[in-house]
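Below is one structure, written out as structure tokens; comments come after it.
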Amino acid sequence: MGQYHIILNNTRKEWLRPSAFGDGTKLREFGCSMGGTMTGLTLLLAGSNTGGARGGGDFGAPEGHEDMCKVLVGRWAGDRISIIGDYAQKGDINRVRASKGLYSNTVSGEDGWADISEHVILLLEAMGEIAEDRGYSAITPRSTYCVAADTFVPLWKDR
């Protein structure tokens, strides 16, 4: 047993699901893993890479993925990011109105929360940052990107 976690962007109402990356959802399962969750978070937080690589070792845009690279790399830089578990209680996260129920509201797609895990996975796979043999090719994103609004929109609610 134990507490299961997700990574939230409280500013944009976007989130990452560690299990989508092949990691467990307990803190130490994805925090210490090589499965891809932390690499995905790094890609999203890489503010000095916004729009593409600027030097050796940066996340570069693979051919055919330039647009999504511009959207995702550095997307969460400067935003309010939290890791929250299903045991969260009101007041656990500073300046977040309702912590209790936040986990269940997020994973169910309520209140417009968009799971962007698959978009990040597909970009990391195209970059060669995560192995293609992990079964990611069969994934279907749970959200779609709206260019005009610069936002991800949930495609369905998990029920």
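Computed from the coordinates by the stated procedures, all read-outs in this text should not be read as laboratory data. The model shown is predicted, which means the values in this text are computed figures rather than measured ones. Positions of Cβ are backbone-derived with ideal geometry, glycine not excepted, and every protein chain shown enters the neighbour counts.
Residues of the stretch 107-124 that are buried (at least 22 other Cβ atoms within 10 Å of the Cβ) and polar (S, T, N, Q): S117 alone. Checking each residue in the stretch 30-49 for being in contact with a Ser or Thr (Cβ under 9 Å, 6 or more places away or on another chain) and either among the charged types (D, E, K, R) or farther than 15 Å from G128 by Cβ (or both) picks out F30, G31, T37.
Residue check: is D67 in a helix (DSSP H, G or I), without any contact (Cβ under 8 Å) to a residue 24 or more places away in the chain and either under 21 Å from C146 (Cα atoms) or more than 15 Å from the chain's Cα centre (by Cα) (or both)? Before you say what the answer is, go through the steps one by one.
Working: in a helix (DSSP H, G or I): yes; without any contact (Cβ under 8 Å) to a residue 24 or more places away in the chain: yes; either under 21 Å from C146 (Cα atoms) or more than 15 Å from the chain's Cα centre (by Cα) (or both): yes.
Answer is yes for this residue.
Tell me the residue from G24, G60, G74 that is part of a loop (DSSP other than H, G, I, E, B), over 21 Å from T144 (Cα atoms), touching a helix residue (DSSP H, G or I) at 6+ places or on another chain (Cβ under 8 Å) and in contact (Cβ under 8 Å) with a residue 24 or more places away in the chain, please. Selected residue: G60, the only one of G24, G60, G74 that is part of a loop (DSSP other than H, G, I, E, B), over 21 Å from T144 (Cα atoms), touching a helix residue (DSSP H, G or I) at 6+ places or on another chain (Cβ under 8 Å) and in contact (Cβ under 8 Å) with a residue 24 or more places away in the chain. Under the condition of being surrounded by fewer than 20 Cβ atoms within 10 Å (Cβ to Cβ) and under 14 Å from N105 (Cα atoms), the residues counted in the stretch 11-40 number 1.
May I ask you to say which residue of I93, I83 is touching a residue at least 60 places away in the same chain (Cβ under 8 Å), within 23 Å of Q3 (Cβ to Cβ), in a loop (DSSP other than H, G, I, E, B) and not aromatic (F, W, Y)?
On the way: I83 fails: in a loop (DSSP other than H, G, I, E, B).
Just a single option satisfies the conditions, and that option is I93.
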